[in-house]
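Quick notes on the structure that follows.
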Amino acid sequence: MTEPFLRLVGITKSYPGVTALDQVSLEVSRGEVIGLVGENGAGKSTLMKVLGGVVAPSSGAIHVDANQVDALSVADALAAGIAFVHQELNLFENLDAAANVFIGREPLYGGFLKLVDRRKLHDQTRPYLDVLGVDFRPDTPVSELSIAQRQLLEIAKALSLNSRLVIMDEPTSSLTLSETDRLMRVIADLKARGVSVIFISHRLNELCECADRVVVLRDGKNVGELAHEQISHAAMIRMMIGRDLKALYLPPASPPGAGVLEIDAAQTRTWPGRPVSLTLRRGEILGMAGLIGAGRTELARALAGIDTLVAGALTLDGGSVRFTTPRDAIAHGIFLVPEDRKQCGLLLDDSISENILLPNLHRTSRGGLVQEGEALAMAERQKERLGIRAASVRVHTGTLSGGNQQKVVLAKWLTMNPRVLICDEPTRGVDVGAKSEIYQMLRDLADAGVAILMISSDMEEVIGVSDRIAVMHEGAISGFLERSEFSEHEILRLAVGKTVH
Amino acid sequence: MLKKDIGLLILILVVGTVVAIINPLFISPINIANTANLVGLFGIFAIGQAFVIITGGIELSVGSIIALLGVLFVDLMVNHGVPWPVALGLMLVLGALMGLAHGLLITRLKLQPFIVTLCGLLIYRGAARYYTADGTAGFAFGDSFPTLEWLTTGRTFGIPHSMFAFVVIAIVMWVVLHRSVFGRYLFAVGKNEEAARYSGVPTNRVIVASYVICGVLTAISAIFFAMYTRSISPSSHGNFYELYAIAASVLGGFSLRGGEGSIVGVVLGTILLQILQNLVNLLGIPSSLNFAVMGSVILIGVLADTQFAEYRKRKAAAKGAAGS
Amino acid sequence: MLKKDIGLLILILVVGTVVAIINPLFISPINIANTANLVGLFGIFAIGQAFVIITGGIELSVGSIIALLGVLFVDLMVNHGVPWPVALGLMLVLGALMGLAHGLLITRLKLQPFIVTLCGLLIYRGAARYYTADGTAGFAFGDSFPTLEWLTTGRTFGIPHSMFAFVVIAIVMWVVLHRSVFGRYLFAVGKNEEAARYSGVPTNRVIVASYVICGVLTAISAIFFAMYTRSISPSSHGNFYELYAIAASVLGGFSLRGGEGSIVGVVLGTILLQILQNLVNLLGIPSSLNFAVMGSVILIGVLADTQFAEYRKRKAAAKGAAGS
Amino acid sequence: QQKKKLAFIVNASSDFWKLAEAGVKKAQAELPKYELQFRYPAQGTAALQNALMDDLVAAGTSAIMISSVDPKTSVDAFNRIAKQVPLFTTDSDAPTSNRIAYLGSSNTLAGEQAGEVAVKALPKGAKCMGFVGFLGADNAKERIAGFRKAVAGKGIELVDVRGDDVDFAKARSNVDDVLAAKPEINCMVGFYSYNPPKIYEALKAANKVGKITVIAFDEDPITLGAVKDGSFAGTVVQQPYEWGYQGMKLMAAYLEGDKSKIPADKLIIVPTKVIDKSNVDAFSANLKATLGK
Ligand SMILES: Nc1ncnc2c1ncn2[C@@H]1O[C@H](COP(=O)(O)OP(=O)(O)OP(=O)(O)O)[C@@H](O)[C@H]1O
Ligand SMILES: Nc1ncnc2c1ncn2[C@@H]1O[C@H](COP(=O)(O)OP(=O)(O)OP(=O)(O)O)[C@@H](O)[C@H]1O
Ligand SMILES: [Mg+2]
Ligand SMILES: [Mg+2]
């Protein structure tokens, strides 16, 4: 292996009340793929932000080639050949895809006028989109892209920098298997060209597949490293959380009960003419798989009253219902954990307690006035129950790690008593430990009689957690699978539109 | 009380002390009562504005509403013999209806608050001017409504009743904003309307309610103003008051992006603005400099405040690092 | 040209046609030239405002800058014998410096744009009033600057030169906003400043530049206005022009949240506002109704536009449904 | 055949102009061949007034009479209009422009009359405070100058004049502030029509009616009431009704070729009058009759 071109030595970063990084060191050599794992809030993103010049460390040194600096700026990082796919999406919705890829590096003409050469811009963008196999064009406005598509665009942006190190902070969190596969090939290709990659993911399989070595962080400290041949699911988990995990699948306490929510020929605005019929049963976790854009999110939104159904009927516990606002659905005990937590799930500028209590304020209020003490106690209980890592419930959710944010979104609904819980990508960006806690929670809810619809693009999760799986293709259900029939192969076949025989 | 509010309070005290040293009459009971009266008049509609701003909206028609309702109120009583309690009730209803109209246009028809209330600004002022055919609406000499006058412009123990009204409204609104479920919803809508909707907050109703509250408080203000000036020239009455209310809110720590602010802040903002107006007259500064003094003090105050906050933050960070 | 712009254009054409039918003098060359002159005067600073709004900022001091620079410009030439090209250059530099000051206060010291420019509004107007001791600055009879007058208030082929200036500025600014890298950065900063910084966009410099551009364009406007009115009463000259500029931008499809809008939009917005002013005078509508007519037409226009957009969207969705 | 249009443009909207409007109405009854227009600008700025004149000329108006916000520096705009239609000034004059004639009162003389009222009411001298809308406006400057001239050497001093930009609330609080901050003031002058009522209300609130001598301008009903019950020393009134009435007749005659009514100095001065307790009843009755109330 060649001499490392980038070394982080003794990096420490503290925020008021938290030490996000504590004496962390990391070396990057040419052409290696480093996996970076750790629980939510372990400091992975913070470490990468130090590398990317977004965050200045409190102490420590950064060596780039022969130079040593205390901190990098974004420009320094770019100049040092470091490209960054941020965990939280940073795209401009008012520009098109190509403009986003080359923002700050537009091809120019017109001399001092610095006009953007739009043709060249699009031409230069196309290859990066092709290599990722996306289904949109360089001139597609970003506002029209789904989350997964945006994630791919971020990756294209990083690739286009032609840098010697690409940092990918959870690039696959909303991707399905096929895009993930393609990304693995892209990483292999980068490696072959001598480009180094730092790859962060909570989907440990991906690391087994692509990493040359895995660095593990815990509570902001280096806790060890696994060489290529040592990398395994179990080894990583042990290092991350210091113990083994239970099996993924938790069998239900009793067989599924009667139908709670019956969906009869429901049609959404995006997929009219493709009716969906489905029954959510008491005590059952129904997994829902499908490719990007299959219409799962649309269905979930319509069920939760966010969009209205174009056609079809809903029957809740035998009575016909119709929701025109989320409030209606919530009043009937139908809760949605949305896919896009930043936009739809959280008030990022508000505290954990405010977020948890928002849908539930009337329970902690008397005469329209909020009972502070009671409310805080309730938020505190939820924080404990879900193991949300934060100094206190007064911390703003915007400063939490991705996984902890997701737990806050879940905590919101678990203070109330759902009849039906619809989770759209419930563990996006959540670490393995927390994932298993969330699965345990879903199972407990199901055992308590709640009907659960779990939409997920994580194959391992769908297969591992569900009691039954529905697969969607182009807005319609292409088939159901019972537990005995679960396999990646079957799900993929249905997802691309072939039906079961 | 937030840190921000304390900064503003300090600024008020510093300005007040300096003025009082130069001209001790500044703290004479009569001057304080006069200023308190104006704080009351302006504070009532500034609180209304604050409710709209907290949802991320803006209400530009405040000044015009004050003109229109003032004209109607005086005209109904003076020229149509409507008993004042009826006229007063009617004005409150009208204020609420205007707020309702704005709220519905914004939430149902998805128009931008700036546009809706700008049209309100134009239409209401136009209506007021048309109503009096560009004349002045006012009480004739000797017109007297003793109870109404006592209520609006009277004083008890030397304290103007507008100040009483303001204090009561501020306390009620403090409870509504900072202690009630509705207040939480207002903040939530201002911070992230989408997420609030997903959490079952009736966002549209909350937004409409904020405009209705603003409309009603503005109507109350309009009546106090009408009784204070006793004659209303619809082309100039209340001009720029919307800017004034927005300035009081923003000075008081509100963000025009929504989701931030406190009642204490807007109250202090109003007080500061009134003191600035008062000191120009008290110190005999040429009235042409009125604006310049106001602008400079606000700028210096806000600058001092942010620089001080920066400093505090840096010190806290240094301490945190040392402690860890 | 965006869909939004077309909606606005249709509104302008409809209003224009109706007015022309009622009073054919509306399309007489002389009236068109008068209106064009005003469109030019107001349009120049409205474009400046648009640049600030696109970054998510706001510039409230436009009207006061027009008053202060107008006063200084006239005073320098008339009372101090400064040659007009020097005075003109000085005004542009002053405008740029004011914009620079605003930009730096906003980016370096992290003050809210609303506060900074509100203080600007107050301070500049106060300065203008103090400078003339609340008097009027103006040309005495017979004062004559033939070249300057020809340049600013002259006409060529009946077209006022302010219109020429406006067209040239609009075209240049169109290229800057819609074709240059700087324009891209403006949009990026307005939508997501944080992300823009991560992408290596010099966000602070972009924001400062937008205020400088606004300052310079406002200075140009100030000179045209000074030459058009030939006298400047600093207490009222340019009052409300900031609202006017913001209204033109917002009508033209800009969002006060930033990141949205087009030059064509703000040009059309300006034209609509001027036509509305003109039609009140032309149709002999009582001037007290001036504001009301303006407000109503804007409201109806925006309503029609959004409802039409909704309808189009629904139709497109229905078509999509049929096609799939 | 279309009627010829004559326009009367005022400087700002206020009740004062209602009287002129009544005069115009009377003239309309006598001038059936003309269409008389009475126009208020959207705001009181020279720019808007000039735009309004341009629009009126474009709309085919035959003659204009204007009360300019700022006549001195609007000379060029006046000349541009005067090239197209006959232009008259009222209320405040632009003597160097090509206007046909000025019809109105003299603000300097009005100020002097007010000063004389003060001298009569305050034989022992006094310290006065003035209140006005726009400090920089010509009519304000002339009235203030006239007042100062008349009281000079009589022991009466006009200490300061506070401006309020025609914001009534500010006009009122200016008086309140002076009462609080300057106990030595024992005389007040309201230079614009709405200032005296504000002074009256502030005095009433402070229980100082009658203790401070007030000299007023114009004929606001409150002002007349205060003059009548002796709270005010007196008020100086112009005769806007005559401006409207005579102005329209003058323009019509001029258009018909009758130039005899234009004096050589082109100044048609309608005198101002002092109204005090002795003649206020007659004046009020006359006013009511004029306004038809
Ligand atoms: N701006 C900030 N202010 C305060 N605390 C912060 C800030 N940014 C991060 N933190 C804290 O630093 C710690 C590390 O966060 P970081 O985002 O690096 O975690 P992570 O390992 O990327 O987690 P995840 O897997 O959930 O993305 C967390 O406790 C987080 O709350
Ligand atoms: N904000 C949006 N604007 C326009 N189109 C969108 C938007 N979000 C999603 N879409 C489109 O709607 C379709 C359905 O997307 P949806 O998100 O429902 O798919 P999904 O099955 O939930 O898959 P995934 O969640 O994996 O993206 C896709 O074609 C997508 O491109
Ligand atoms: Mg992270
Ligand atoms: Mg989805």
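Can you tell me which residue within region A:281-310, out of those that are assigned to a loop (DSSP other than H, G, I, E, B) and more than 22 Å from the chain's Cα centre (by Cα), is nearest to A:Asp447 (Cα to Cα)?
Among those that are assigned to a loop (DSSP other than H, G, I, E, B) and more than 22 Å from the chain's Cα centre (by Cα), it is A:Gly283.
Of all residues in region A:474-492, those that are surrounded by 17 or more Cβ atoms within 10 Å (Cβ to Cβ), part of a helix (DSSP H, G or I) and free of Cβ contacts under 8 Å to residues at least 24 places away in the same chain total 1. Residues that are within 16 Å of ligand 3 (Cβ to nearest atom) and open to solvent by less than 30 Å² (accessible area, probe 1.4 Å): does region A:347-369 have at least one? No, the conditions are met nowhere in region A:347-369. Checking each residue in region A:426-442 for being within 16 Å of ligand 3 (Cβ to nearest atom) and touching a Ser or Thr at 6+ places or on another chain (Cβ under 7 Å) picks out A:Arg428, A:Gly429, A:Lys435.
Within region C:112-134, how many residues are over 25 Å from the mean Cα position of the chain (by Cα) and either within 15 Å of C:Gly238 (Cα to Cα) or in contact (Cβ under 8 Å) with a residue 40 or more places away in the chain (or both)? It would help to see each step written out before you state the result.
Keep residues of region C:112-134 that are over 25 Å from the mean Cα position of the chain (by Cα), which gives C:130-134.
Adding the requirement that they be either within 15 Å of C:Gly238 (Cα to Cα) or in contact (Cβ under 8 Å) with a residue 40 or more places away in the chain (or both) leaves C:131-132, C:134.
Qualifying residue count, region C:112-134: 3.
Of note, A:Pro138 does not satisfy the criterion of being away from chain C (no Cβ under 14 Å), in a loop (DSSP other than H, G, I, E, B) and within 16 Å of ligand 3 (Cβ to nearest atom). Working only within region D:194-212, note down all residues that are open to solvent by 30 Å² or more (accessible area, probe 1.4 Å) and part of a strand (DSSP E or B). Result: D:Val209, single match. Residues in region C:191-240 that are small (Gly, Ala, Ser) and more than 14 Å from chain D (Cβ to nearest Cβ): C:Ala195, C:Ala196, C:Ser199, C:Gly200, C:Ala209, C:Ser210, C:Gly215, C:Ala219. Among residues of region D:192-216 that are among the aliphatic types (A, V, I, L, M), those with a beta-carbon under 6 Å from a residue that is open to solvent by 30 Å² or more (accessible area, probe 1.4 Å) at least six positions away or on a different chain give the pairs D:Leu203/D:Val209; D:Ile212/D:Asn186; D:Ile215/D:Ala233. Sort out which residues of region A:26-52 are open to solvent by 30 Å² or more (accessible area, probe 1.4 Å) and within 14 Å of chain B (Cβ to nearest Cβ), and write them in order of number. None - no residue of region A:26-52 is open to solvent by 30 Å² or more (accessible area, probe 1.4 Å) and within 14 Å of chain B (Cβ to nearest Cβ), so the list stays empty. Of all residues in region B:81-122, those satisfying the criterion of being facing chain C (nearest Cβ under 7 Å) and either over 25 Å from C:Ala248 (Cβ atoms) or in a loop (DSSP other than H, G, I, E, B) (or both) are B:Leu109, B:Lys110, B:Leu111, B:Gln112. Taking every residue in region A:146-170 that is within 14 Å of chain C (Cβ to nearest Cβ) and pairing it with any residue that is assigned to a helix (DSSP H, G or I) and away from ligand 3 (no atom under 16 Å from the Cβ), at least 6 positions away or on another chain, the pairs with Cβ-Cβ distances below 6 Å are A:Leu153/A:Ala97; A:Ala156/A:Val101; A:Ala156/A:Tyr128; A:Ala156/A:Leu129; A:Ala156/A:Leu132; A:Lys157/A:Val101; A:Ser160/A:Val101; A:Ser160/A:Tyr128. Within region A:401-419, the only residue that satisfies the criterion of being near ligand 1 (Cβ under 8 Å from one of its atoms) and open to solvent by 20 Å² or more (accessible area, probe 1.4 Å) is A:Ser401. Of the listed requirements (1) more than 14 Å from chain B (Cβ to nearest Cβ); (2) within 30 Å of A:Met239 (Cβ to Cβ); (3) touching a strand residue (DSSP E or B) at 6+ places or on another chain (Cβ under 8 Å), A:Gly433 misses just one: (3). If you go through region A:53-63 and pick out every residue that is open to solvent by 20 Å² or more (accessible area, probe 1.4 Å), of a type in the set (A, V, I, L, M) and more than 14 Å from chain B (Cβ to nearest Cβ), you end up with 1.
Please specify each residue of region B:72-93 satisfying the condition of being more than 21 Å from B:Gly135 (Cβ to Cβ) and among the hydrophobic types (A, V, I, L, M, F, W, C).
Here is the first cut: in region B:72-93, the residues more than 21 Å from B:Gly135 (Cβ to Cβ) are B:83-86, B:88-90, B:92-93.
Listed by number, the residues that qualify are B:Trp84, B:Val86, B:Leu88, B:Leu90, B:Leu92, B:Val93.
Against the definition (more than 20 Å from A:Ala304 (Cβ to Cβ), within 16 Å of ligand 2 (Cβ to nearest atom), modelled with pLDDT of 90 or more and crowded, with 17+ Cβ neighbours inside 10 Å), how does A:Val471 come out, yes or no? Spelling it out, A:Val471 is indeed more than 20 Å from A:Ala304 (Cβ to Cβ), within 16 Å of ligand 2 (Cβ to nearest atom), modelled with pLDDT of 90 or more and crowded, with 17+ Cβ neighbours inside 10 Å.
For region A:148-158, does any single residue satisfy the condition of being within 16 Å of ligand 1 (Cβ to nearest atom) and in contact with a Leu (Cβ under 8 Å, 6 or more places away or on another chain)?
Applying the first criterion (within 16 Å of ligand 1 (Cβ to nearest atom)) to region A:148-158 yields A:151, A:154.
Going one step further and asking which of them are in contact with a Leu (Cβ under 8 Å, 6 or more places away or on another chain), we end up with A:151, A:154.
Checked against the condition, which is being within 16 Å of ligand 1 (Cβ to nearest atom) and in contact with a Leu (Cβ under 8 Å, 6 or more places away or on another chain), region A:148-158 yields at least one hit.
Is there a residue in region A:31-48 that is over 23 Å from A:Gln406 (Cβ atoms) and over 22 Å from the mean Cα position of the chain (by Cα)? So that I can check it myself, show each step before the final result.
Taking region A:31-48 and keeping what is over 23 Å from A:Gln406 (Cβ atoms), we get A:31-34.
Checking the rest, the ones that are also over 22 Å from the mean Cα position of the chain (by Cα) come to A:31-32.
Looking for residues that are over 23 Å from A:Gln406 (Cβ atoms) and over 22 Å from the mean Cα position of the chain (by Cα), one finds at least one in region A:31-48, hence yes.
Show me the helices (runs of 4 or more DSSP H) found entirely inside region B:217-324 where at least 3 residues are hydroxyl-bearing (Ser, Thr, Tyr). Lay out the reasoning, then the answer.
Numbers: elements: B:241-251, B:263-282, B:290-323.
Answer list for region B:217-324: B:241-251, B:290-323.
Screening region A:5-25 for residues that are open to solvent by 10 Å² or more (accessible area, probe 1.4 Å) and of a type in the set (A, V, I, L, M, F, W, C) and picking the one that is farthest from ligand 4 (Cβ to nearest atom) gives A:Val9.
Yes or no: region C:78-86 includes at least one residue that is aliphatic (A, V, I, L, M), buried (at least 24 other Cβ atoms within 10 Å of the Cβ) and touching a residue at least 40 places away in the same chain (Cβ under 8 Å). No, every residue in region C:78-86 fails to be aliphatic (A, V, I, L, M), buried (at least 24 other Cβ atoms within 10 Å of the Cβ) and touching a residue at least 40 places away in the same chain (Cβ under 8 Å).
In summary, helices (runs of 4 or more DSSP H) completely within region B:123-201 and bearing 1 or more residues that are within 25 Å of B:Leu76 (Cβ to Cβ) and open to solvent by 10 Å² or more (accessible area, probe 1.4 Å) occur at B:146-153, B:161-179.
Filtering region D:172-184 for residues that are closer than 29 Å to D:Leu267 by Cα, at pLDDT 90 or above and either of a type outside the set (Lys, Arg) or not in a loop (DSSP other than H, G, I, E, B) (or both) leaves an empty set. Yes or no: region A:333-344 includes at least one residue that is within 16 Å of ligand 3 (Cβ to nearest atom) and touching a residue at least 60 places away in the same chain (Cβ under 8 Å). Scanning region A:333-344 turns up at least one residue that is within 16 Å of ligand 3 (Cβ to nearest atom) and touching a residue at least 60 places away in the same chain (Cβ under 8 Å).
Among the conditions (1) away from ligand 2 (no atom under 16 Å from the Cβ); (2) assigned to a helix (DSSP H, G or I), the only one that A:Glu460 does not satisfy is (1).
Return the residue satisfying two criteria in turn: it lies in region C:246-298 and is among the polar types (S, T, N, Q) and more than 14 Å from chain B (Cβ to nearest Cβ), and of such residues it is surrounded by the fewest Cβ atoms within 10 Å (Cβ to Cβ).
Going through region C:246-298, the residues among the polar types (S, T, N, Q) turn out to be C:249, C:255, C:262, C:270, C:274, C:277-278, C:281, C:287-288, C:290, C:296.
Pick out the ones that are also more than 14 Å from chain B (Cβ to nearest Cβ) and you get C:262, C:270, C:274, C:278, C:281.
Working: C:Ser262: 20, C:Thr270: 30, C:Gln274: 23, C:Asn278: 24, C:Asn281: 24.
Filtering region C:246-298 for residues that are among the polar types (S, T, N, Q) and more than 14 Å from chain B (Cβ to nearest Cβ), the one surrounded by the fewest Cβ atoms within 10 Å (Cβ to Cβ) comes out as C:Ser262.
Can you tell me which residue is nearest to ligand 3 (Cβ to nearest atom) among those in region A:398-409 that are over 16 Å from A:Val432 (Cβ atoms), within 16 Å of the chain's Cα centre (by Cα) and assigned to a helix (DSSP H, G or I)? Spell out the reasoning first.
Applying the first criterion (over 16 Å from A:Val432 (Cβ atoms)) to region A:398-409 yields A:398-400, A:405, A:408-409.
Filter once more, so that each one left must be within 16 Å of the chain's Cα centre (by Cα): A:398, A:400, A:405, A:408-409.
Of the ones still in play, those that are also assigned to a helix (DSSP H, G or I) are A:398, A:405, A:408-409.
Details: A:Gly398: 13, A:Gln405: 10, A:Val408: 15, A:Val409: 16 Å.
If we take residues in region A:398-409 being over 16 Å from A:Val432 (Cβ atoms), within 16 Å of the chain's Cα centre (by Cα) and assigned to a helix (DSSP H, G or I), then A:Gln405 is nearest to ligand 3 (Cβ to nearest atom).
Pick from region A:100-117 the residues that are buried (at least 20 other Cβ atoms within 10 Å of the Cβ) and in a helix (DSSP H, G or I): which of them is nearest to the other protein chains (Cβ to nearest Cβ)? For region A:100-117, the residue satisfying everything is A:Asn100.
The values are calculated or read from the model by the stated rules, or taken from the named source; none is laboratory data. What you are looking at is a predicted structure, and each value in this text was computed from that prediction instead of being measured. In this analysis, Cβ positions are derived from the backbone assuming ideal geometry, glycine residues included, and neighbour counts consider all displayed protein chains. Areas reflect the complete protein model, heavy atoms only, side chains present, ligands, DNA and RNA absent. Shrake-Rupley method; radii C 1.70, N 1.55, O 1.52, S 1.80 Å.
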